[in-house]
Each structure stands twice: as structure tokens, then as C-alpha cells.
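K.L.:
Below you will find the structure I want to go over with you.
The values are calculated or read from the model by the stated rules, or taken from the named source; none is laboratory data. All figures in this text were calculated on a predicted structure; none of them were measured in a lab. Glycine gets a Cβ as well: all are built from the backbone with ideal geometry, and neighbour counts include every protein chain shown. For the accessible areas, the whole protein counts, side chains as well, though only heavy atoms, and no ligand, DNA or RNA atoms are used. Shrake-Rupley method; radii C 1.70, N 1.55, O 1.52, S 1.80 Å.
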Amino acid sequence: MSFRTVIITKESKLSLRMNHLVIKSDTLVQVPISEICCLIIENPNITMTGHLMNVLTENKIMTIICDKKHLPQTFLHSVYGHHRQSRLIEQQMSWQKSHKERLWQLIIQKKIMYQKQVLNHYFRQLDLTMFDRYAEEITSGDSTNREGHAAKVYFNIIFGNEITRETEHVKNAGLDYGYQILLAIFARTIVSKGYLTEIGIKHRNEFNLYNLASDLMEVMRPLVDYIVLKDVVNEFEKDEKRKIVDVLNRKVVINNKLYYLVHAIEIYVESVFKYLSTGNEKYIKFPSWKY
């Protein structure tokens, strides 16, 4: 199983040789393709061969290219992710509305309880029973937007009067960076399963290529929040980014078993697709974790 996260920080030439990623900059480094889980290109001043790009997508290696601010901007994945893709997309287009609305209800209930878990860790003195109430009040499809209300209270507690979620601040930069990493994992996983990331169950933004990934990753956002609160304080530079990227080495629980994050997301996404195709909730396997 692949296990390495490769991060390119210098101006480099990337190529493929004997099934190895070859990184040529001040030095020459070779990494077996079979060992790479994720490739993050932080320095946009790189050149990459077409052979390498094809092999990265064929091996389902999550490849993220950052912009000039060194924030994730572009994801590289194959056009066709599965040999039965046309059939699976037909299934996706016919998912029942009631199944999608129920799934969104379950996702947001989990997200809110995981937000409470973060707050319990950092703000032990607070009475957080309100989050239990928010989760209980969520209806199918969250028509009353309990998710939005809970998020407002949640971030007000985290940030206090210091900043809002829209403020330019190192913590917000850390959150955006971590969320983009999650989005890349989910987008890559969805495509590899043969489905379209553009067609979501709740997100329907015509300008968002990753509506479905945005839906399914909601449950995992609090894990990034925890890391940012712990490791991003006064600046957001190389060391802080490495600590956020290290989330890929985090183990989470599914069905009482520990899995690395990327593998756990694959299990979770596959379980969601089984539910959406059958309506049987027993298939859904949400990841969980402790701090």
C-alpha cells in the first residue's frame, strides 16, 4: 500500500523513469510510484512530463498543485475513473431525493457532534449541550439550516471576537489549506469509484466542480479544525503546513478498526454510494476519532 506524501517546494523538473518519480532540482531524487499516496506541488515553477501525469492518475495518486500563495489550487485526476463509469453515473442521476436528504441529515448530525468534540477538547469549561440540541433538531435535508446555525456558534467560540471565518488570518489560511487537502482526497476517491464530483446531494453550485466532494467531506472538517487550533498560532508557514498535511498519516476508526485517513475515506465513500443506490442505512460507515 502507498504511504508516502511527497511535497515539492523548489523549482523542479518532474519526470518518470523505470516507474519512479524523478525530481530534478539542486539534487536528483527518485521515489517509487508504488510508494506515493499524495504528491503536493507547492512551488508552481515546475515542469512535469505527460508520461508522469498519466501514471499519477492511473495509480490514483492524489496530486495537488498550489497557486502562487502556496495554497491548493488544482487537482489532477483521470477523466475516466472506473470501467463501469457510464452505468454508475446513470445510477447517480437516479438517486432518490429522500435518500439524499436523509444522508445529508446524517452527515450534518455527525459533523455537529464532531464539532462539539473539538470544543470539548479546547474549551472544557463551556456548557456545550446546545450542540446536542442542534443535532437533534436537524430534519431530513436540514431544511431549517441547523448546520449553518451550529457553524456560526462553533466558529464564534473558536475565534471569539478576534476574527470571523471571512477574515484574513493565519488560522483561516490553515483551515482553507486543510479543507482543500480533504477536498482533493474526496474528489480523487469519488472519481476512482466512477461517479461525478459535479453532482452533489446538497451542494448545487454551478461553478463548483466538486459539489459531491464538498458534501461528503463535511463530516471530516472538524478534524482539520482540531489540527489548526493546535498547530497554527501566530504564522502559517512551512512547518504549519507540514503539520496539516500530516493528517494523511492520521488513523481513524471505522467498524472498530483503525485505518489511515485516505483508506478510511475510501470505505466511507463506498458505503455512502451503496446506501444511495439501495436506501439501506446499514451500509453507511462514518469514520470517527479521538483527540
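K.L.:
For the range 124-216, what are the per-bin percents of Cα-Cα distances with bins 10 Å wide, up to the bin holding the maximum?
P.N.:
14, 31, 39, 14, 1
K.L.:
Also, quick follow-up: Using the Cβ atoms and a cut-off under 10 Å, what net charge is assigned to the surroundings of Tyr122, where Lys and Arg are +1 and Asp and Glu are -1?
P.N.:
Computed value for this residue: +1.
K.L.:
What is the set of long-range amide H partners of His20 at a cut-off below 5 Å, with H atoms built 1.01 Å from backbone N?
P.N.:
Under 5 Å from the amide H of His20 lie the amide H atoms of Ile33, each far enough along the sequence or on another chain.
K.L.:
Counting only protein heavy atoms and using a 1.4 Å probe, what share of the accessible area of the chain belongs to carbon plus sulfur, as a whole percent?
P.N.:
It is 48 percent, rounded to a whole number.
K.L.:
Could you give the size of the charge dipole of the chain about its Cα centre, using +1 on the Cβ of each K and R and -1 on the Cβ of each D and E, expressed in debye and rounded to the nearest 20?
P.N.:
760
K.L.:
State, to one decimal in nm, how far the label point of Asn59 lies from the label point of Lys282, with both points 7 Å from Cα in the Cβ direction.
P.N.:
About 3.9 nm separates the two model spin labels.
K.L.:
Given labels modelled 7 Å from the Cα in the Cβ direction, how far is it in nm from Glu166 to Glu90?
P.N.:
My value for the distance between the label points is 4.5 nm.
K.L.:
Then there is this: Can you classify the range 72-140 as rounded, prolate or oblate using the Cα gyration tensor, where a ≥ b ≥ c are the square roots of its eigenvalues, rounded means a/c under 1.5, and otherwise it's prolate if a/b beats b/c and oblate if not?
P.N.:
Oblate shape, in that a/c is at least 1.5 and b/c is the bigger or equal ratio.
K.L.:
Defining a contact as two alpha carbons under 8 Å apart and six or more residues distant in sequence, what relative contact order in percent does the range 80-192 show?
P.N.:
29 percent.
K.L.:
Got a sec? Charge dipole of the range 105-223, +1 on Cβ for Lys and Arg, -1 for Asp and Glu; which of Asn156, Leu182, Ile199 is way out at the positive end?
P.N.:
Positive-end residue among those listed: Leu182.
K.L.:
Count charges around Trp104 for me, please; just the other residues with Cβ under 15 Å from its Cβ, Lys/Arg as +1, Asp/Glu as -1.
P.N.:
+2
K.L.:
Counting each DSSP H run of 4 or more residues in the chain as -39500 (n - 2.57), what helix-only mean residue ellipticity at 222 nm follows after dividing by all residues, to the nearest 500 deg cm²/dmol?
P.N.:
That calculation yields -14500 deg cm²/dmol at 222 nm.
K.L.:
Compute the Cα gyration tensor for the chain, then decide on rounded, prolate or oblate, letting a ≥ b ≥ c be the square roots of its eigenvalues: rounded whenever a/c is under 1.5, prolate when a/b is larger than b/c in the other cases, and oblate in all that remain.
P.N.:
Oblate.
K.L.:
Using the Cβ atoms and a cut-off under 13 Å, what net charge is assigned to the surroundings of Thr144, where Lys and Arg are +1 and Asp and Glu are -1?
P.N.:
Within the 13 Å Cβ shell, the charges total -3.
K.L.:
Let me know the shape class of the range 126-174, please: from the alpha-carbon gyration tensor, a ≥ b ≥ c as square roots of the eigenvalues, rounded when a/c is under 1.5, otherwise prolate if a/b is greater than b/c, or oblate.
P.N.:
Oblate, since a/c reaches 1.5 and b/c is not below a/b.
K.L.:
Still on this structure: Mind listing the phi-derived Karplus ³J(HN,Hα) values for the range 51-60, rounded to whole Hz, using 6.51, -1.76 and 1.60 with θ = phi - 60°, and x for any glycine or proline?
P.N.:
Calculated HN-Hα couplings, in order: 4, 5, 4, 5, 5, 4, 6, 4, 8, 6 Hz.
K.L.:
Considering only protein heavy atoms, what per residue accessible area in square angstrom results for the range 33-77 with a 1.4 angstrom probe?
P.N.:
About 47 Å² of surface per residue is accessible.
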